[in-house]
Amino acid sequence: MAIFSHPSFDEHEQVMFVHDKASGLKAIIAVHDTTMGPAVGGCRMWPYDNDEEALTDVLRLSRGMTYKNALAGLEFGGGKSVIIGDPSSEKSEALFRAFGRAVHSLGGRYYSAEDVGINTSDIMIAHQETPYMAGLEGKSGDPSPYTALGTYLGIKAAVKHQLNKDSLAGIRVAVQGLGHVGYSLCEHLHRAGAKLVVCDLSAEQLDRATTELDAEIVGLDAIYCQDVDVYAPCALGATLNDHTLPQLKATIVAGCANNQLAEPRHGEILRDKGILYAPDYVINAGGIINVSFERDYNADSAEAKVRKIYDTLLTIFNEADRSGKPTGVVADEMARKIISAQR
Ligand code: NAD
């Protein structure tokens, strides 16, 4: 398996492969760039089909964290980790302790937190082995509600820019994934008067959404072609691809999932189709912004900073209109400028 010539390798500073025989831990930790500060980014636990898939994920996610943290104005570099395994059946105290020791061995170059498949109690176990864990219980805690708030505000910014509306009343949103972030996002949208069309693997979450949020349920593959204003990807990445883009009726794509574009060229296709894309790492920065207040945690200060996502996105949308560049390219350029200035 190639590393330095891997298509997703982007001059990462360090990529560490971790194996702990006793607990069965197999993990990869990627430190992408520490120019802005220690690398910070969550840990994902997922039953990857093979090591290559896990490597691609961690390389792409860690790069995204560098850009996300820089654009959110945080003194953090970018990093991420993945644990190869099924979170529903392969978690154990020994596994998360071994993961904590691996993070500790990096001496503070990388701080981990939760991501898909990981919750705060897993992080608390790893924290017993290392101080380099964030999103701790009793401190900033679960980042998901803040990610959801930022995503909600990002949808509002996109609706303002694309449809010239200040209110979400009557706006139809297709939400793919009703997990920690997706469900909380739906609650914000419902309160704001939006109409929800949703899908998820979990029948329980779908039942909740119908009862509590008056959501319409559709099949997993039917979510793309819904007659809606906004498509909000809130499950896994790469859902904007050659297969799905021709199906989209929404004129806005704005959701919390990481790495939504299968390839950068899909950002160009969205632009050419007149679909406004809220760059994933900008709209979903609420959680990491909340984590950045970990030391002297203050919920009001964290929320005030999360609310800035609205203005950051409007700036990106306006610059994309002015320059004719895809919104993702504009965001990347803004992030690179911040990092270069720091260097
Ligand atoms: P989660 O694991 O709690 O939820 C994911 C949900 O998606 C689950 O309910 C799952 O059943 C559903 N799902 C999986 N495959 C699906 C499919 N094909 N179609 C529809 N639903 C499907 O994860 P989360 O914490 O809510 O994160 C969601 C996304 O947001 C991820 O891409 C994550 O990386 C990103 N993100 C999360 C945070 C955070 O604070 N949790 C921060 C930034 C980005």
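Please treat every number below as a calculation from the coordinates, not as lab data. Because the structure is predicted, anything quoted here is derived from the model rather than measured. Glycine gets a Cβ as well: all are built from the backbone with ideal geometry, and neighbour counts include every protein chain shown.
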Net dipole in debye of the chain [+1 Lys, Arg Cβ; -1 Asp, Glu Cβ; about Cα centre; nearest 20]: 900 debye
Applied in sequence order to segment 328-340, the curve 6.51 cos²θ - 1.76 cosθ + 1.60 (Karplus, θ = phi - 60°) yields integer Hz couplings, x standing for Gly and Pro, of x, 5, 4, 4, 4, 5, 5, 5, 5, 5, 5, 5, 4
Rough spin-label spacing in nm, given labels placed 7 Å along Cα→Cβ, for residue 296 and residue 137: 2.7 nm
Residues meeting the amide H criterion for residue 277 (H placed from the backbone, H to H distance under 5 Å, 5 or more places apart or on another chain) are 253, 327
Against the longest alpha carbon principal axis of the chain, how many degrees, from 0 to 90 and to the nearest 10, is the axis of helix 180-191 turned? 30 degrees
Pairs of Cα atoms under 8 Å, at least six residues apart: use those to get the relative contact order of segment 70-152, whole percent. 25 percent
I need to check one value: relative contact order of the chain, counting alpha carbon pairs closer than 8 Å and at least 6 residues apart, in percent. 16 percent
Which GluC sites (Glu not before Pro) from segment 1-110 combine a DSSP loop assignment with at most 10 other Cβ atoms within 10 Å? 11
Using each residue's phi in segment 153-164, evaluate 6.51 cos²θ - 1.76 cosθ + 1.60 at θ = phi - 60° and report the 3J(HN,Hα) Karplus result to the nearest Hz, with x for Gly and Pro. 5, x, 5, 4, 5, 5, 5, 4, 6, 7, 10, 6
In percent, what relative contact order does segment 118-234 have, based on Cα pairs under 8 Å that are 6 or more apart in sequence? 24 percent
Measuring from label point to label point, each 7 Å out along Cα→Cβ, what is the residue 307 to residue 214 span in nm? 2.7 nm
At q = 0.13, 0.15 Å⁻¹, what log₁₀ I(q)/I(0) does the chain have when each alpha carbon counts as one equal point scatterer in the Debye sum? -0.97, -1.31
Using modelled amide H (1.01 Å from N, peptide plane; none on Pro or chain starts), what sits under 5 Å from the amide H of residue 198, excluding residues fewer than 5 places away? 175, 216, 217, 218
Search the structure for amide H atoms under 5 Å from the amide H of residue 44, placed 1.01 Å from N in the peptide plane, and list their residues when 5 or more places away or on another chain. 81, 82, 83
For residue 305, what charge total do you get from the other residues with a beta carbon under 15 Å from its beta carbon, if Lys and Arg give +1 and Asp and Glu give -1? -2
Which one, 19, 282, 217, projects farthest toward the positive side of the charge dipole computed for the chain from Cβ point charges (K/R +1, D/E -1)? 282
Alpha carbon Rg of segment 24-96, scaled by the compact-globule rule 2.2 N^0.38 Å: 1.16
